[in-house]
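Worksheet for the structure shown next.
The values are calculated or read from the model by the stated rules, or taken from the named source; none is laboratory data. This one's a predicted model, so the numbers in the text were calculated from it and none came from an experiment. Methodologically, a virtual Cβ is constructed for each residue, glycine included, from the backbone with ideal geometry; neighbour enumeration extends over all protein chains shown. Heavy atoms of the whole protein, side chains included, go into the accessibility calculation; ligands, DNA and RNA do not. Shrake-Rupley method; radii C 1.70, N 1.55, O 1.52, S 1.80 Å.
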2 protein chains.
Amino acid sequence: MKARATETQRKTRIQIENEERILDAALEEFSAHGFRGATIDRIAEHAGMSKPNLLYYFRRKQDIYEALIARLLDKWLEPLQALDAVGDPLPELQSYIRRKLEMARDFPRESRLFANEILQGAPRIKRLLESELKPLVDEKAEILRGWMKAGQINTVDPRHLIFSIWSTTQHYADFDVQVQVILGPDRGAAGRFEDAARYLETLFLDGLRPKDKAGGTPRVRDL
Amino acid sequence: MKARATETQRKTRIQIENEERILDAALEEFSAHGFRGATIDRIAEHAGMSKPNLLYYFRRKQDIYEALIARLLDKWLEPLQALDAVGDPLPELQSYIRRKLEMARDFPRESRLFANEILQGAPRIKRLLESELKPLVDEKAEILRGWMKAGQINTVDPRHLIFSIWSTTQHYADFDVQVQVILGPDRGAAGRFEDAARYLETLFLDGLRPKDKAGGTPRVRDL
DNA sequence: CTAGAGTTTTATCAAACAGTCAATATTTCG
DNA sequence: CGAAATATTGACTGTTTGATAAAACTCTAG
């Protein structure tokens, strides 16, 4: 019988192995070229199997992509899920930033996969963003608002705060080539991420205005 | 005679018009799908001309892409170019952030074009990054270091500071779909950018740690 | 007006591409 | 074992894609 996901069918050892290999190869290709830029041929080659054999497990290109997204989204949102109302605000936020940065370091392909998709208008996962991402962000934004009202962190738009954490951390995965060009070869990947962690801690905690200087520069008017 | 860029040939009115239309259409397609995902057919259709006619002006797909990049890079780096050692540090930085945010608002396609290219490993512009972007960043990082030594801004790695300005501002162009899903339809694009500007000002100037609270939370250990 | 430069179109090509099919090989399990 | 279920392959189809050639058309300078 053909491998069908509709019926509650037990998966073969070979099925499990091959789907794993396919999804890993697909992650490689989709994250590097986007949905349209990636080809089934290259995914099959990278997975070490013939194209028809790959299509035996996933009937269409889009099926591979959707399986990938479904498998990775939860993992990707885990750090935000873990943001806890009970903990102390600043350590809790720092912990979130640190986790996101670790994700960028350890799973750059996943980061680029999502970046590619969003960048290209999220045509295939927009619904997922509305049904999964939006409620989660709303929930966590509420926690942040609580902390702001209690005066435990500065009062800002919590959703923009989340955006800035996403963008600054994922930048090190998504724009890695550019980061490397600018930072040069000295200090390996590990060093770069340590430096990034140190910098982001300062930025998010204290910003750039020096603490000591009293007669500081005057505030500039709004946009 | 054929349109050739090698000789210093005066351009026809038609040439100027058509190249303009092609580059605009190409910006649309390349920024939305990346180099491999975009097709000459769609660019030609979007530019309102036949594919062979388009290929009369640009012989190969890559030529269109390179012409686009060349035309846009300077404009894209303009805000950083404008960062001036003479001005007061904090207003100068705020001005830079504001300009970058305005670019993200007014030229989102350009932002996405570069994002797509870097995301996919910058295979076509890596050299350009090394020869143009790197020296510029080095120069401006030196200015930032000067301000830090003078105690006019907090001491951080200036290159990571620049990364964070790039990522937070360009996020509003590159991840626009996601931003819209999370912020919802209320408040138009203009409102979103006002909010972003306000938030980023707070973040970069003061960070999240509240000023008044004395017995603040303890610092969390490094990564 | 007209010759030649410049522009556009029609027709075409080979390669790359997503996806199908029937035949063959392999694994699983009673 | 041996039959059914599962897995793999080669050959193939129709389409899309980047690119070319040559003929036909249009514009412009003299």
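Relative to the compact globular guide of 2.2 N^0.38 Å, what is the alpha carbon radius of gyration of region A:12-59, as a ratio?
That works out to 1.06 for region A:12-59.
Mind giving me the FRET efficiency for A:E132 and B:K51? R0 is 41 Å, r the Cβ-Cβ distance, nearest 0.05 is fine.
So the FRET efficiency works out to roughly 0.50.
Just need the relative contact order of region B:71-206 here, percent rounded to a whole number, with Cα pairs under 8 Å and 6+ apart.
Relative contact order comes out at 34 percent.
Step through the table entries B:K75/B:K126; A:K126/A:K149; A:K75/A:K140; A:K61/B:K61; B:K126/B:K149, compare each Cα-Cα distance with 22 Å, and write down the pairs that go over it.
Check vs 22 Å cut-off fails for A:K126/A:K149; A:K61/B:K61; B:K126/B:K149.
Using the charge dipole of the protein assembly as shown (Lys, Arg: +1 at Cβ; Asp, Glu: -1 at Cβ; taken about the Cα centre), state which of A:A141, A:L203, B:I16 has its Cα farthest towards the positive end.
Of the candidates, B:I16 comes out farthest on the positive side.
Along Cα→Cβ, 7 Å out, is where each label goes; now give me the distance between the ones at B:R10 and B:D195 in nm to one decimal.
Calculated label separation equals 5.5 nm.
Mind jotting down the three principal axis lengths of chain A based on Cα atoms? Whole angstrom, largest first.
76, 41, 33
Taking R0 as 25 Å, what's the FRET efficiency between B:A70 and B:E20 from their Cβ-Cβ distance, rounded to 0.05?
Taking R0 as 25 Å, the efficiency between B:A70 and B:E20 is 0.95.
Taking the Cα centre of region A:12-59 as origin, work out the dipole magnitude from +1 charges on Lys and Arg Cβ and -1 charges on Asp and Glu Cβ, in debye rounded to 20.
200
Just the Cα atoms of region B:35-151, one point each, no solvent: what log10 I(q)/I(0) does Debye give at q = 0.19 Å⁻¹?
-1.09
Report, for A:E66, each distance to the same residue's label point in the other copies, shortest first and in nm; define the point 7 Å along Cα→Cβ.
Label-point distances to the other copies, shortest first: 4.1 nm.
For peptide A:80-91, what's the mean number of Cβ atoms from other chains within 10 Å of each residue's Cβ? Before the final figure, lay out the partial values.
Numbers: counts 0, 0, 0, 0, 0, 0, 0, 1, 4, 4, 9, 5.
The shielding value for this peptide is 2.
When only Cα pairs under 8 Å and 6 or more residues apart are kept, what is the percent relative contact order across region B:12-59?
On the way: 26 pairs, mean separation 17.0, N = 48.
It rounds to 35 percent for region B:12-59.
How much accessible surface does B:H171 have with a 1.4 Å probe, in Å² rounded to 10?
10
Suppose a student asked you for the relative contact order of region B:1-100, using Cα pairs under 8 Å spaced at least 6 residues apart; what percent would you report? Let's see the in-between values first.
Details: 49 pairs, mean separation 21.8, N = 100.
Relative contact order here is 22 percent.
Determine the calculated [θ] at 222 nm for chain B from helices alone, applying -39500 (n - 2.57) to every DSSP H run no shorter than 4 residues and normalising by the residue count; nearest 500 deg cm²/dmol.
-22000 deg cm²/dmol
Which value, to two decimals, describes the C-alpha radius of gyration of the protein assembly as shown once divided by 2.2 N^0.38 Å?
Working: Rg = 23.6 Å, N = 446, 2.2 N^0.38 = 22.3 Å.
For the protein assembly as shown, the normalised Cα radius of gyration comes out at 1.06.
In Å and on Cα atoms, what radius of gyration and Dmax does region A:58-124 show?
Over region A:58-124's Cα set, Rg and Dmax evaluate to 14.7, 49 Å.
Once the label point is set 7 Å along the Cα-to-beta-carbon vector, what list of distances in nm do you get between B:E130 and its counterparts in the other copies?
From this label point to the equivalent ones elsewhere in the assembly: 4.6 nm.
Only helices at least 27 Å long along their axis, Cα-based, and averaging -1.0 or more on Kyte-Doolittle count here, so list those DSSP H runs from chain A.
A:13-37, A:61-81
Quick check: Cα centre of region A:38-102 to Cα centre of region A:176-203, how many Å?
Region A:38-102 and region A:176-203 have Cα centres separated by 24 Å.
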